[in-house]
1. What are the semi-axes of the equivalent ellipsoid for region 80-152, taken as the square roots of 5 times the Cα gyration tensor eigenvalues, largest first, in whole Å?
2. What net charge do the residues around Lys145 carry, taking every other residue with its C-beta under 9 Å from that of Lys145, with Lys and Arg at +1 and Asp and Glu at -1?
3. On alpha-carbon atoms, Rg over Rh for region 62-122 using Kirkwood Rh?
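Please treat every number below as a calculation from the coordinates, not as lab data. All values reported here derive from a predicted model rather than from experimental measurement. All Cβ positions, glycine included, derive from the backbone under ideal geometry; neighbour counts span all protein chains shown.
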Amino acid sequence: MNSECPVSIWNGDRFLADRGYIFDAGLYVDDVDKGGIEFELLDLIYLDNYYFIRLGIAGHPDAKNELTLKGEHLRVGEKYKLVDASENELEVDTSFALEPDVSLSQREHSGTLTVAYNEKLEDGSNLIGMYFSYFFKETGSGVVKDVNVRCWTLQLLTQPPVVTS
């Protein structure tokens with residue numbers, strides 16, 4: 001496997017929790033461990049030189065419970081700043097909500113995302129691994145809460161390219 005391969009993401013790739021990705025993360029609110037975060041669905045889209053990753057709840061496309069990451073690159077070894085409005089290629093737009101603990105009303109963002117590996121497999125698919133910590137103040141409930149999302153593993157397995165003859 002080659003760890004220096006280019007990113008290969010196909011528009012509209014969608015994965016169910018039991019196929020194609022691993023997400024291992026915990027939620028901490030005001031330093032209280034709220035346990036693991038569980039999402040059932042992952043949308044992975046590459047469009048106009050941006051990738052967009054959305055984890056959500058299957059069967060509820062309008063649910064507010066989701067994690068979104070949007071950026072320009074997935075370079076191995078790079079550390080990206082997690083922000084609410086990306087201004088350069090070394091920043092990733094980020095938002096997170098998991099009711100009832102965390103709403104989308106967030107301020108004072110900080111955190112980083114690191115791409116650990118991006119390996120091209122023999123079938124042409126890519127195995128991409130990353131981890132991140134995301135800190136912010138949640139204000140939607142009327143009480144300011146310190147929120148920390150710690151993701152130890154976000155692993156994506158892209159589909160191999162479709163060969164047409």
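1. 29, 14, 10
2. Taking every other residue near Lys145 into account, the sum is -3.
3. Result: Rg/Rh = 1.05.
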